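Written below as structure tokens is the structure these notes are about.
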Amino acid sequence: MRMSTRTRPLIAAIAASALLAGCSAGSSTSTPTSEDDQGGGEDAGSTDDASGEGGGSQETVRVGLVAEPASLDFTTTDGAAIPQLLLDNIYETLVTVDVETGEIIPALATEWEISEDRLTYTFTLEEGVTFSDGSEFTAEDAAFSLERVSSDDWTISLASQLDVVESVEATDETTLEVTLTQPSNSFLYALTTRVGAMFDTEGVDNLAEEAIGTGPYTFGSWDRGSMVTLNRNDDYHGEVPYFSTVEMRYYQDANALNNAMLTDAIDVVGTVQAPESLAEFEGGDYQIIEGTTNGEIVLSMNQSEGEALADPDLRAAVRHAIDHQALLDTCWAGRGELIGSMVPPTDPWYEDRTGDFPYDMEEAQRLIAEAGAEGTELRLRIPSLPYAVSCGTVVESMLEDAGLSVTIDQLEFPAAWLETVFTNKDFDMSIVSHVEPRDMANVFGSPDYYTTYGTEEVQALFAEADAGTEEEQVAAMQEAAALISEDAAADFLFLLPNLMVSDPDITGLPTNAIKESFDLSQLARG
């Protein structure tokens with residue numbers, strides 16, 4: 001079968017993305033609110049608004065965010081802030097997702113064929129594409145990039161998405177052949193994520209500090225603790241971006257971010273971290289974007305052997321003790337959506353599971369008493385991110401009302417949280433948002449992951465979903481989501497909304513944030 005252009009239906013996928021999304025909190029790319037305007041315009045952050053090459057301007061756009069990348073290397077460093085910055089902007093993929101239609105569409109590959117047995121994918125690559133260092137992008141680079149994911153050079157757990165790959169071969173300069181060990185629904189979708197990023201064979205020696213890609217922007221500079229600057233790639237093989245320079249500015253808290261917008265220090269709030277403050281921006285002086293994300297805010301519970309929450313009844317008590325609507329209203333101004341599982345409504349296998357553990361304080365207290373767990377001390381170790389800090393105090397109060405003793409430890413994010421919770425599993429509970437698309441299999445598919453679940457039964461369901469027909473995939477994924485919820489593998493506080501604020505004439509902002517990247521090339525001033 002041949003798959004090409006923008007008409008190819010989406011092959012639904014598990015896309016087991018694992019990297020923790022507390023660092024992006026809803027600032028990925030998605031549906032533009034309006035068409036990009038390639039004309040000129042006034043620019044609060046520019047030094048020269050004269051037109052540049054390809055219809056772009058010489059303006060600078062300043063985007064404010066709260067969580068800075070820990071590194072530029074998403075092959076060895078966890079955290080969604082890195083692909084948010086680099087994917088689609090500097091590093092491109094063979095295929096990508098059209099966020100308006102949900103289809104997988106061409107990117108660096110102009111078309112692809114899938115064999116009848118679903119084991120061989122043949123990609124035809126775009127000609128005339130160059131990396132930012134001037135070298136030509138060929139099928140050899142594509143083969144190198146995909147093979148490298150399965151090597152020791154990739155250390156993050158997300159790399160397991162390509163474990164299904166048996167071999168990769170560049171059959172000529174513009175043709176890449178990938179053979180799988182078994183049919184996989186998740187493979188093609190995985191190529192739209194960071195594991196599908198295309199690297200220069202000569203450009204991977206210092207990924208933590210340098211980024212060489214084929215994208216519409218090139219890496220400029222990094223003032224750590226403050227700002228990353230990207231420069232327009234005027235040799236880009238596609239339509240060059242409107243803005244000549246992008247300044248990604250990072251702020252330590254929500255108030256500082258809001259103040260930066262109110263005092264014209266930035267042009268865009270990439271992710272509103274104090275929803276109750278949106279009234280400050282109403283009235284016409286600013287543009288407010290509100291949509292949805294993939295960002296499930298997960299209250300994880302360490303169920304390793306010997307830990308208090310290894311008891312399923314105690315985990316069930318935790319879920320019953322949380323009044324999710326009250327929590328949403330209190331800690332995130334009622335903005336967001338209750339879903340009850342690890343599946344957002346934008347996934348094909350979504351089901352509303354909010355009824356699995358309805359708020360019932362008496363039931364929570366009964367379960368705690370039956371377990372002899374009154375007064376059990378639980379360490380709620382949360383990242384220093386606004387939503388986690390705000391929601392953590394609400395969770396603490398509700399669980400203490402149920403008869404548990406909760407101590408909150410706030411850990412610097414990303415470094416301290418990643419080491420303490422994610423790597424060492426030194427916690428009882430934590431709160432973090434996972435914004436990566438279709439990440440349920442990786443977050444709950446292995447007992448070695450920080451969520452400590454990954455039963456044999458759920459692993460079998462994930463395998464069945466990946467190898468089956470699309471209908472079988474949906475059914476198996478729904479069964480897996482139900483099992484995870486009913487086992488109280490975690491609690492799902494709510495789905496983060498995509499909240500953004502900008503100058504009123506900024507176009508191309510995403511309504512829904514359902515990818516890993518924030519596609520800066522879509523931004524313009526109209």
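The values are calculated or read from the model by the stated rules, or taken from the named source; none is laboratory data. A quick note: this is a predicted structure, and the numbers were derived from the prediction, not measured. All Cβ positions, glycine included, derive from the backbone under ideal geometry; neighbour counts span all protein chains shown. Quick note on the areas: whole protein, heavy atoms, side chains included, nothing else; ligands and nucleic acids left out. Shrake-Rupley method; radii C 1.70, N 1.55, O 1.52, S 1.80 Å.
Quick notes on this one:
- Only residues that are in contact with a Cys (Cβ under 9 Å, 6 or more places away or on another chain) and more than 25 Å from Ala482 (Cα to Cα) were counted in the stretch 410-463, giving 2.
- Listed by first and then second residue, the pairs with beta-carbon distance under 8 Å, at least 6 apart or on different chains, first residue in the stretch 227-245 and over 21 Å from Ile82 (Cα atoms), second among the aliphatic types (A, V, I, L, M), are Asp234/Val240; His237/Val129; Tyr242/Leu523; Tyr242/Ala524.
- Residue list for the stretch 137-153, restricted to those being out of contact with any Gly (no Cβ under 8 Å at 6 or more places or on another chain), within 13 Å of Ser167 (Cα to Cα) and aliphatic (A, V, I, L, M): Ala142, Ala143, Val149
- Set Ser446, Ser485, Ser517, Ser430: member being of a type in the set (Ser, Thr, Tyr) and in a helix (DSSP H, G or I): Ser485
- One residue from Leu499, Leu493, Leu461 being assigned to a strand (DSSP E or B) and farther than 24 Å from Val99 by Cα: Leu493
- The single condition from (1) touching a residue at least 24 places away in the same chain (Cβ under 8 Å); (2) surrounded by fewer than 24 Cβ atoms within 10 Å (Cβ to Cβ); (3) out of contact with any strand residue (DSSP E or B) (no Cβ under 7 Å at 6 or more places or on another chain) that Thr193 fails is (2).
- Among residues of the stretch 277-302, those that are assigned to a helix (DSSP H, G or I) and farther than 13 Å from Trp332 by Cβ, counted: 3
- Boolean, Pro358 is in a loop (DSSP other than H, G, I, E, B) and open to solvent by less than 20 Å² (accessible area, probe 1.4 Å): no
- Within the stretch 62-83, residues that are open to solvent by 10 Å² or more (accessible area, probe 1.4 Å) reach partners that are among the charged types (D, E, K, R) with beta carbons closer than 7 Å, at six or more positions or on different chains, in the pairs Arg62/Glu247; Arg62/Arg249; Arg62/Asp267.
- Residue in the stretch 381-402 that is of a type in the set (Phe, Trp, Tyr) and free of Cβ contacts under 8 Å to residues at least 40 places away in the same chain present: no
- With respect to being closer than 23 Å to Val435 by Cα and part of a strand (DSSP E or B), Thr96 fits the description.
Per-residue answers, yes or no, for (1) within 24 Å of Leu328 (Cα to Cα); (2) modelled with pLDDT under 95; (3) surrounded by fewer than 24 Cβ atoms within 10 Å (Cβ to Cβ):
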{"site": "Val474", "(1), (2), (3)": "no, no, yes"}
{"site": "Met477", "(1), (2), (3)": "no, no, no"}
{"site": "Ala480", "(1), (2), (3)": "no, no, no"}
{"site": "Leu483", "(1), (2), (3)": "no, no, yes"}
{"site": "Glu486", "(1), (2), (3)": "yes, no, yes"}
{"site": "Ala489", "(1), (2), (3)": "yes, no, no"}
{"site": "Leu493", "(1), (2), (3)": "yes, no, no"}
{"site": "Asp503", "(1), (2), (3)": "no, no, yes"}
{"site": "Ala513", "(1), (2), (3)": "yes, yes, no"}
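- Unique match (being at pLDDT 95 or above, in contact with a strand residue (DSSP E or B) (Cβ under 7 Å, 6 or more places away or on another chain), open to solvent by 20 Å² or more (accessible area, probe 1.4 Å) and not in a helix (DSSP H, G or I)) among Thr420, Thr407: Thr407
- Residue within the stretch 219-242 that is closer than 29 Å to Ser57 by Cα, crowded, with 21+ Cβ neighbours inside 10 Å and out of contact with any helix residue (DSSP H, G or I) (no Cβ under 9 Å at 6 or more places or on another chain) present: yes
- Pairs are defined by a Cβ separation below 8 Å, a sequence spacing of at least 6 or placement on different chains, a first member in the stretch 275-295 that is within 16 Å of Leu509 (Cα to Cα), and a second member that is in a helix (DSSP H, G or I); the pairs so defined are Tyr286/Met261; Ile288/Leu278; Ile288/Phe281.
- Residue, nearest to the chain's Cα centre (by Cα), within the stretch 138-159, restricted to residues that are under 17 Å from Val178 (Cβ atoms) and assigned to a loop (DSSP other than H, G, I, E, B): Trp154
- Selection status of Glu464, open to solvent by 10 Å² or more (accessible area, probe 1.4 Å) and modelled with pLDDT of 95 or more: yes
- Test: residue in the stretch 255-267 that is part of a strand (DSSP E or B), open to solvent by 30 Å² or more (accessible area, probe 1.4 Å), without any contact (Cβ under 8 Å) to a residue 60 or more places away in the chain and within 20 Å of Ile506 (Cα to Cα): no
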